[in-house]
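Right, one structure below, let's go through it.
The values are calculated or read from the model by the stated rules, or taken from the named source; none is laboratory data. This is a predicted model, so every value here is computed, not measured. Note that each Cβ is placed from the backbone with ideal geometry, even for glycine, and that neighbours are counted across all protein chains shown.
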Amino acid sequence: MKEIQWLKEAEDELAAIVDYVLQNQGQNVALQVYDNIISRIDLLAEFPELGTYEKKYKFNGKPLRVLHSWHTRVFYSVQETEIFIVLLWNNRMDDRKLGKILSKRN
């Protein structure tokens, strides 16, 4: 089983997503969103190949993988002993900014 490591930016993105849902849809929905995202990420420790390849983006020289959860894409990298959560991306955001953000996190 691999250990899950979060980049600080990804932790901040999770907090921002949950805060946005809390402000707009209430506490119950925010908890559901949080639980859904975390439970999907927790599965990666045992099943790191769960997500699909995103070949045009890399982290530490390895292609990123993408796991879909709620309205969020979780970009992560499978390394030797760890899985790095690199980015949480709201599917409603402009994908043209995605590459620029991911290139800064490599």
**OP:** Please state which one of D19, D94 is at pLDDT 95 or above, surrounded by fewer than 17 Cβ atoms within 10 Å (Cβ to Cβ) and not basic (K, R).
**Re:** D19
Subject >> Enumeration of residues in region 76-87 that are buried (at least 20 other Cβ atoms within 10 Å of the Cβ) and without any contact (Cβ under 8 Å) to a residue 40 or more places away in the chain >> reply: Y76, S77
**OP:** Could you please let me know if Y53 is touching a residue at least 12 places away in the same chain (Cβ under 8 Å) and surrounded by 13 or more Cβ atoms within 10 Å (Cβ to Cβ)?
**Re:** no
Subject >> Cross-chain or 6+ apart pairs with Cβ under 6 Å, region 88-106 first and touching a residue at least 60 places away in the same chain (Cβ under 8 Å), then among the aliphatic types (A, V, I, L, M) and in a helix (DSSP H, G or I) >> reply: L88/A10; L88/L14
Original post:
Which of the residues spanning region 1-50 are touching a residue at least 60 places away in the same chain (Cβ under 8 Å) and among the basic types (K, R)?
Top reply: K2
Original post:
If you take the residues of region 56-71 that are within 22 Å of V21 (Cβ to Cβ) and at pLDDT 95 or above, which of them is surrounded by the fewest Cβ atoms within 10 Å (Cβ to Cβ)?
Top reply: V66
